[in-house]
Amino acid sequence: MSASTPAGRKQIHLAAHFPGVNSTTVWRDPDSRSQIDFSSFQHLARTAERGRFDFFFLAEGLRLRERKGRIHDLDVVGRPESLTVLNALAAVTEHLGLAATVNATFNEPFELARRFASLDHLSGGRAAWNIVTSSDAFTGENFRRGGYLDRADRYTRAAEFVEVARALWDSWPSGGTPRTVRHSGPHFDITARATLPHSPQVHPVLIQAGDSDEGREFAARTADIVFSRHGTLEAGRAFHADVKGRLARYGRTPDQLKIMPAATVVLGDSEADAQERAAHIRRQQVSPQTAIATLENVWGRDLTGYDPDGPLPDVEPVPDGELAQGWAHMSDRFGIAARWRALAEEKHLSIRELAIELTARQSFIGTPGSVAAAMDEHVRTDAADGFILVPHLTPGGLDEFVDQVVPLLQERGVLRTEYQGATLRDHLGLGRPEPRPEESA
Amino acid sequence: MTRELHLSVALGSAGPRPAAHWTGLVQLAELGALDFVTLDDSLDPADGDGRLDAVAVLAHAAARTSRIGLIPTVTTTHTEPFHTSTALATLDFVSEGRAGWLVDVSITEEAARATGRRDPAPAPELWAEASDAAEVAARLWDSWEDDAEIRDAATGRFIDRDRLHYADFEGPRFSVRGPSIVPRPPQGRPPVAVVLDAQEIDIRWELAARHAEIVLLDADSPAAAREARTELRRRAGRDDLRVLVRVGLAPHAGPPLTGGLDALPDLLAEWHAEAGTDGFHLVTTTPTEELPAVIHDVVPALRAGGLFRATHTGRTLRDHLGLARPDSRYAVRTEAAL
């Protein structure tokens with residue numbers, strides 16, 4: 001399958017991240033609506049489908065984050081369970097892929113394989129699974145397995161999980177007889193056959209986001225899409241080359257793995273107007289309270305007495321001060337604090353300005369024309385195969401992009417004007433997976 | 001005055017048919033203004049010729065319907081109570097208040113080996129665990145008070161964390177800390193349903209007394225049904241328990257109501273008068289054949305007899321059943337403490 005049009009332009013793949021529980025979701029804006037009502041999900045999904053996006057993407061949380069022993073109350077909080085929302089969205093969309101982030105640590109292969117097969121059946125072949133893992137005893141307090149799975153075991157469990165799930169998905173050929181899967185490994189010991197015949201895609205599309213060496217290797221072996229954090233031209237090209245370079249050893253071609261970094265878009269009537277809007281959005285995203293909280297995560301101590309518009313704290317971090325739970329673990333606090341102080345000094349930044357600078361991600365800021373050109377350049381020069389767009393507003397955050405930028409991408413011949421196939425694998429130019437004939441995993 | 005008659009239908013379990021098949025059936029049940037549909041489920045691979053996940057099927061149907069209640073079976077033996085609770089809360093959100101939960105357990109060797117987490121256990125132990133799962137779900141649904149989301153720009157707070165609560169459940173098979181990741185669902189708590197046998201008082205009755213608002217009752221005579229209802233309401237000590245007699249629709253489905261669909265309206269009227277129960281749960285064997293007959297023949301005959309409403313008068317499953325929306329247990333506690 002080629003990802004090019006007859007004219008030879010490399011096609012841009014687009015996905016829509018639902019802006020729910022996230023520090024980048026702006027809830028103070030008058031246009032911000034419910035992050036939980038189904039109407040919000042429906043609006044964003046239909047907008048993405050109108051823009052001929054490949055898929056719609058939901059993140060996951062399994063425990064509310066805490067700071068200082070209390071539930072974190074500054075960001076958008078409260079989200080539905082992903083697969084259930086996507087099954088409902090499958091009824092009100094026709095082509096859009098439906099991607100759920102689901103943890104392989106706090107689920108079991110037989111049940112989850114069945115839930116994804118159900119979504120793939122009900123959606124006519126539009127399911128995707130973003131595989132994540134956790135080593136977090138804090139999250140484990142909500143589950144039977146409870147506590148800690150150490151870091152190394154997370155990927156071995158995830159790899160074994162996917163292996164078992166694939167064996168189950170393969171085990172009931174369409175029109176054929178279900179086979180029994182027997183698997184005995186370090187993490188799972190099961191004997192079962194699938195409860196469903198092949199779904200339209202046989203396997204859901206697999207997405208992976210890990211960035212470590214083992215994460216990249218897992219992606220090269222297993223994933224159809226990498227959700228990358230390397231969005232700039234230079235970092236994107238390096239990541240793209242590295243991950244695509246790993247595919248050959250698994251007998252895969254570069255077309256079989258799509259690299260899609262997260263990106264935000266801010267549009268304006270002029271470059272200056274867009275920059276002004278972007279700055280306004282960033283200040284909405286990083287409130288004075290959020291700026292202090294960002295620093296507290298590193299300092300490991302209460303900093304509420306400091307002025308967010310003033311200089312960085314002169315006190316030192318507490319080495320083991322775990323103020324926050326549910327975020328990525330913070331090591332080398334002194335090093336981070338030193339780097340932040342140097343950055344703030346060099347650029348004359350207040351606490352809040354520093355927090356804004358630190359939490360920036362790949363952004364396309366400009367007029368619709370310049371944004372379309374920049375996105376095209378990223379994809380044309382192999383810094384990415386497409387983007388997972390993260391709007392800042394629920395649910396109207398993609399309206400402008402779809403109305404103003406999508407037509408320009410289509411004029412350039414780099415975005416489809418109509419869906420060509422029925423399944424998400426079709427949209428991504430991925431072939432239908434060949435079910436493996438062997439009886440056991 | 002005639003007591004209101006509640007009517008619902010069991011669609012069996014969801015074999016691997018296209019989504020439109022299941023949506024069509026649910027829409028047909030809605031056309032008849034039935035209270036709800038149930039959809040069976042199981043994690044036993046040996047159980048039937050292929051089965052879609054029941055929550056998934058009803059979530060899909062939710063987006064294409066607007067009134068009918070949606071009650072999937074979700075088993076508690078090999079699943080995570082936290083996931084079950086959030087999936088059902090989400091079904092309540094996507095249906096705008098029409099979700100329920102039919103609690104069941106997995107007793108088979110096949111289900112245990114398929115999931116690979118534990119050995120089979122005796123039914124009483126599994127039902128005790130199911131009762132714990134229902135308790136956890138209720139606590140998690142209550143764990144966000146209704147007005148927890150405040151969006152207070154002045155203080156930068158999206159939620160008032162004093163209105164969020166830990167479930168803090170610890171039992172022999174699992175513990176759950178909470179709170180939920182899902183805000184309180186539209187119905188507060190989606191109603192819990194359980195199947196009971198009038199002839200056999202077992203541990204399931206404890207679950208029903210403590211957690212259920214809907215009992216689907218197997219009974220072979222109006223007298224047995226009446227007795228069971230009285231006993232259940234006595235044990236529960238509350239009046240928000242609806243007892244619906246299960247009725248098999250296939251001619252060979254056996255007691256209590258044989259005689260085919262033609263005789264059904266009269267039989268239902270007779271039982272409704274004598275049994276003192278709240279209505280009937282019609283169990284289809286071949287829903288594509290039986291459901292149209294129920295909607296186009298049985299329901300109009302009951303309406304003609306003044307026994308059944310013409311349309312849904314409310315929007316939520318609780319509305320249809322005449323069940324009040326409960327307050328969060330934690331909100332009550334807060335007020336008591338003041």
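The values are calculated or read from the model by the stated rules, or taken from the named source; none is laboratory data. If you're wondering where the values come from, they're calculated on a predicted model, not measured in any experiment. Because the Cβ atoms are built from the backbone with ideal geometry, glycine has one as well, and the counts that use them run over all protein chains shown.
Some observations on this one:
- Unique match (being of a type outside the set (D, E, K, R), in contact with a helix residue (DSSP H, G or I) (Cβ under 7 Å, 6 or more places away or on another chain) and not in a strand (DSSP E or B)) among B:46, B:33, B:20: B:46
- Only one entry of A:296, A:345, A:357, A:276 meets the criterion of being without any contact (Cβ under 8 Å) to a residue 40 or more places away in the chain, assigned to a helix (DSSP H, G or I) and within 26 Å of the chain's Cα centre (by Cα), and that entry is A:357.
- Considering residues of the stretch B:18-46 that are facing chain A (nearest Cβ under 9 Å) and crowded, with 24+ Cβ neighbours inside 10 Å only, the residue modelled with the lowest pLDDT: B:45
- Of everything in the stretch B:278-299 that is of a type in the set (S, T, N, Q) and either crowded, with 22+ Cβ neighbours inside 10 Å or within 20 Å of the chain's Cα centre (by Cα) (or both), the residue that is modelled with the highest pLDDT is B:284.
- Of all the listed residues (A:382, A:320), the sole one being over 24 Å from residue A:226 (Cβ atoms), outside any helix (DSSP H, G or I) and either charged (D, E, K, R) or touching a helix residue (DSSP H, G or I) at 6+ places or on another chain (Cβ under 6 Å) (or both) is A:320.
- Some residue of the stretch A:29-50 being within 21 Å of residue A:414 (Cα to Cα) and assigned to a loop (DSSP other than H, G, I, E, B): no
- Evaluation of residue B:49 against (1) surrounded by fewer than 22 Cβ atoms within 10 Å (Cβ to Cβ); (2) under 16 Å from residue A:110 (Cβ atoms); (3) of a type in the set (Asp, Glu) (one fails), failing number: (2)
- Candidate set from the stretch B:313-335 (those that are part of a loop (DSSP other than H, G, I, E, B), within 18 Å of the chain's Cα centre (by Cα) and not aliphatic (A, V, I, L, M)); member that is nearest to residue B:92 (Cα to Cα): B:316
- Subset of the stretch B:73-114 that is charged (D, E, K, R), more than 9 Å from chain A (Cβ to nearest Cβ) and in a helix (DSSP H, G or I) - its residue that is nearest to residue B:325 (Cα to Cα): B:92
- Annotation: of all residues in the stretch A:141-159 being in contact with a Leu (Cβ under 8 Å, 6 or more places away or on another chain) and surrounded by fewer than 24 Cβ atoms within 10 Å (Cβ to Cβ), the one that is farthest from the other protein chains (Cβ to nearest Cβ) is A:157.
- If you go through the stretch A:25-34 and keep only what is surrounded by 19 or more Cβ atoms within 10 Å (Cβ to Cβ) and more than 9 Å from chain B (Cβ to nearest Cβ), you end up with A:25, A:26.
- Residues located in the stretch A:80-128, provided they are facing chain B (nearest Cβ under 8 Å) and among the hydroxyl-bearing types (Ser, Thr, Tyr): A:84, A:118, A:123
- So residue A:209, is it more than 16 Å from the chain's Cα centre (by Cα), farther than 27 Å from residue B:52 by Cα, crowded, with 16+ Cβ neighbours inside 10 Å and touching a residue at least 24 places away in the same chain (Cβ under 8 Å): no
- Remark: pairs (first residue in the stretch B:209-233, β-branched (Val, Ile, Thr); second residue not in a helix (DSSP H, G or I); Cβ separation under 6 Å; 6+ apart in sequence or on different chains) = B:214/B:191; B:214/B:193; B:214/B:242; B:215/B:196; B:215/B:243.
- Any hit, the stretch A:68-75, residues being surrounded by fewer than 24 Cβ atoms within 10 Å (Cβ to Cβ) and of a type in the set (A, V, I, L, M, F, W, C): yes
- Any hit, the stretch B:59-67, residues being more than 10 Å from chain A (Cβ to nearest Cβ) and modelled with pLDDT of 95 or more: yes
- Of everything in the stretch B:168-227 that is more than 21 Å from residue A:78 (Cα to Cα) and of a type in the set (Val, Ile, Thr), the residue that is surrounded by the most Cβ atoms within 10 Å (Cβ to Cβ) is B:214.
- Check on residue A:202, away from chain B (no Cβ under 12 Å), in contact with a Phe, Trp or Tyr (Cβ under 8 Å, 6 or more places away or on another chain) and touching a residue at least 12 places away in the same chain (Cβ under 8 Å): yes
- Matching residues in the stretch B:81-105 - criterion: being touching a residue at least 60 places away in the same chain (Cβ under 8 Å) and either surrounded by fewer than 23 Cβ atoms within 10 Å (Cβ to Cβ) or in contact with a Cys (Cβ under 6 Å, 6 or more places away or on another chain) (or both): B:96, B:97, B:104
- Filtered residue count, the stretch A:108-145, keeping only those that are among the aromatic types (Phe, Trp, Tyr) and either in a loop (DSSP other than H, G, I, E, B) or on the phi > 0 side of the Ramachandran plot (or both): 1
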